[in-house]
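Encoded as structure tokens, the structure appears first; notes follow it.
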């Protein structure tokens, strides 16, 4: 009986450790978006996102604190949070997905990848396939991606009464560097 | 017994990380974020709010106060006469701002600085309130007989603005205030007056809110004919502008005027309609990250 328990413990620890070895977590992230508008272009940067990628099953998650997008124009930033994203109500944008290509990501190289999964912005889930470039190095990963978000897909309302026209489509760019996950 | 253990071993390899577990790992519970937008503008109505203008941003504020509503139809309920204040405010950084203004009422110039000492945060170990320090100087330049010296026309204001955003909709502020006039208009008045402001906003929709503000002057400091300032406003923001449509019992827009020299009474209809319009400009260099 005792042996079984020890064996169980070993297997559990080994299992956990081996799974952990294949986990990479973000150490540096930069999300930015850009939207062309007639009066003033809208752009913002966010360096407070977190992401984890599991190389063994190619799953990845990304979590972006919406309120941490920094705008040059602080009033625009306030409007972004208060009026469009409602970031007190929906504090995070997330992506849960899986890399489609069956690649051996333990080998160094540059891979064109796509990931399918659920993009949640403004509390609204959307099934998306996002594509990007994954650079695998020794104990490091770099993921670069560029995708578009339609405001209407995520129920982000554009008010009728605005002086500034806002594009219905926002281009989002992300650069995420990863290193092996350590707790 | 053994069989069940064997079954358990068989299942173990499948206990790999699922996406939900990854999401848990990525959710850092120690994140602390500054709570923003306690108020929409740098003023609650007449008095300052804890908000400052962002770094390298400039606000241009146009304010009007019309005459008393109880002037009646002949004066078109006060709309025939008005005072205005033109103001410019600039953010040195995200905590420190400076501003100046010129009011037509008593031809007053005012200069001030505001510094965000504490910012309310959410998350673990959070700061419960925002605290902003305010210091201002104002001088009336209207000709009087006899002509007063510049020093006699000057006043100083110091405020601790303490605010908390209780929810997305409700923010409240307490503003302990000290005002010093080098020369009070009524010579029996204290030159240095202690007051406290109470203000708040209630969001109605994403872009509109109702604000209220009351400035209470502690007793036995100023003449009984002076009333405490009480104001209500409806705020509407549209893109780069914030409109505040307001009702107040004060004509003046500097602290000395509306806190210590308000002579209108809500009870007898001495109510002024007015508005503040602010427009923000950004001077941050453009780093066009064009795709």
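The values are calculated or read from the model by the stated rules, or taken from the named source; none is laboratory data. All values reported here derive from a predicted model rather than from experimental measurement. Positions of Cβ are backbone-derived with ideal geometry, glycine not excepted, and every protein chain shown enters the neighbour counts.
Considering region B:205-245 alone, what residues qualify as being more than 14 Å from every other protein chain (Cβ to nearest Cβ), without any contact (Cβ under 8 Å) to a residue 24 or more places away in the chain and more than 15 Å from the chain's Cα centre (by Cα)?
B:216, B:219, B:220, B:224
Residues of region A:102-122 being within 13 Å of residue A:151 (Cα to Cα) and either modelled with pLDDT under 95 or more than 14 Å from chain B (Cβ to nearest Cβ) (or both), which ones?
Residue satisfying the conditions is A:121 alone.
Regarding residue A:157, is this residue touching a strand residue (DSSP E or B) at 6+ places or on another chain (Cβ under 6 Å) and either within 14 Å of chain B (Cβ to nearest Cβ) or assigned to a helix (DSSP H, G or I) (or both)?
In short, no.
What tally of residues in region B:28-79 results from selecting those that are away from every other protein chain (no Cβ under 14 Å), part of a loop (DSSP other than H, G, I, E, B) and in contact with a helix residue (DSSP H, G or I) (Cβ under 8 Å, 6 or more places away or on another chain)?
The number of residues fulfilling the criteria is 2.
Take the conditions part of a loop (DSSP other than H, G, I, E, B) and surrounded by 21 or more Cβ atoms within 10 Å (Cβ to Cβ) and apply them to residue A:87. Does it pass?
Spelling it out, residue A:87 is indeed part of a loop (DSSP other than H, G, I, E, B) and surrounded by 21 or more Cβ atoms within 10 Å (Cβ to Cβ).
Here is a yes/no grid of residues against (1) assigned to a strand (DSSP E or B); (2) within 27 Å of residue B:79 (Cα to Cα); (3) at pLDDT 95 or above:
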| position | (1), (2), (3) |
| --- | --- |
| B:159 | yes, no, yes |
| B:164 | yes, no, yes |
| B:237 | yes, yes, no |
| B:246 | yes, yes, yes |
